[in-house]
1. Round to a whole number: what % of the accessible area of the chain belongs to carbon and sulfur, probe 1.4 Å?
2. Please report, to two decimal places, log10 I(q)/I(0) for the chain at q = 0.09 Å⁻¹ as given by the Debye formula with identical point scatterers on the Cα atoms and no solvent.
3. Compute the distance in nm between two label points, each set 7 Å from the Cα along the Cα-to-Cβ direction, one at ALA103 and one at ASP46.
4. Taking the Cα centre of region 68-182 as the origin and placing charges on Cβ (Lys, Arg +1; Asp, Glu -1), which of ALA72, ILE83, PRO107 is farthest toward the positive end of the dipole?
5. With the Cα gyration tensor of region 1-55 in hand, give its eigenvalues times 5 under a square root as the equivalent ellipsoid semi-axes, listed largest first in whole angstrom.
6. Once you wrap a convex hull around the alpha carbon atoms of region 11-105, what is its projected area averaged over all directions, in nm²?
7. Would you work out the relative contact order for region 1-143, in percent, from Cα pairs under 8 angstrom that are 6 or more residues apart?
8. Just how large is the dipole of the chain about the Cα centre, in debye to the nearest 20, putting +1 at every Lys and Arg Cβ and -1 at every Asp and Glu Cβ?
Amino acid sequence: MAKIVVFGASGRAGLQIANTAQARGHEVTRVGRDPGVRPDVAANHDVAVSSVVDLARDPAEFYTEVSRALVASGAGRIIVVGIYTLLETAPGVRVVDSPDFPAEFRPFCLGHAAGVEVLAASTADWLVMSPAGNFGGTPTGRYRLSQATPSDTLTYEDFALAVVNEIDHPTHRHTQLGIASA
């Protein structure tokens, strides 16, 4: 079993990921209320999962700082909870790049993108898993890889299943995946 640290384990996604990993017998270190990532806490872990947010800070500054800390930690694998607005609707065109995308949400989305750029420039083993546009519904115990479809739904339980399955059987690396309930 893997030694996993979950940053943001007091939030909805992080809590479900930590619970699902622990139920499968993984050794889980939970970091809750601190919105950042401390490299010293993630050191010596097989996997570092980040589902952190700090809405009081500049998103680009915050998410690049988080990604740098994850890379510096030396964790064997990094999985980041992303956002579907960075998924492509066509080759090279992300949801956030649409001309009708609300301007007030762009800074947050581009902050996430800046964090992904830090991961992409590193030699770390990383994956960004982005939940579908709408959290909610009844858990199905199943999920699917999804394109950027804002009407798709996903439960926290199904998302946690997808993340822990990727921990147990790593099949995607150096990319961003969209996840929806099946």
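The values are calculated or read from the model by the stated rules, or taken from the named source; none is laboratory data. Quantities reported herein were computed from a predicted structural model and do not represent experimental measurements. Cβ sites come from the backbone with ideal geometry, for glycine too, and all protein chains shown count toward neighbours. In case anyone asks, the SASA skips ligands and DNA or RNA and just uses the protein heavy atoms, side chains included. Shrake-Rupley method; radii C 1.70, N 1.55, O 1.52, S 1.80 Å.
1. Working: 4520 of 8570 Å².
Taking all protein chains in place, the chain shows 53 percent carbon and sulfur surface.
2. The Cα Debye sum returns log10 ratios of -0.28.
3. 4.9 nm
4. Highest projection toward the positive end goes to ALA72.
5. Details: eigenvalues 60, 38, 8 Å².
Calculated on Cα positions only, the semi-axes equal 17, 14, 6 Å.
6. Details: hull surface 30.4 nm².
So the mean shadow area of the Cα hull is 7.6 nm².
7. Numbers: 249 pairs, mean separation 32.8, N = 143.
Rounded, it is 23 percent for region 1-143.
8. Working: 14 positive and 19 negative charges, 74 e Å.
The calculation lands at about 360 debye.
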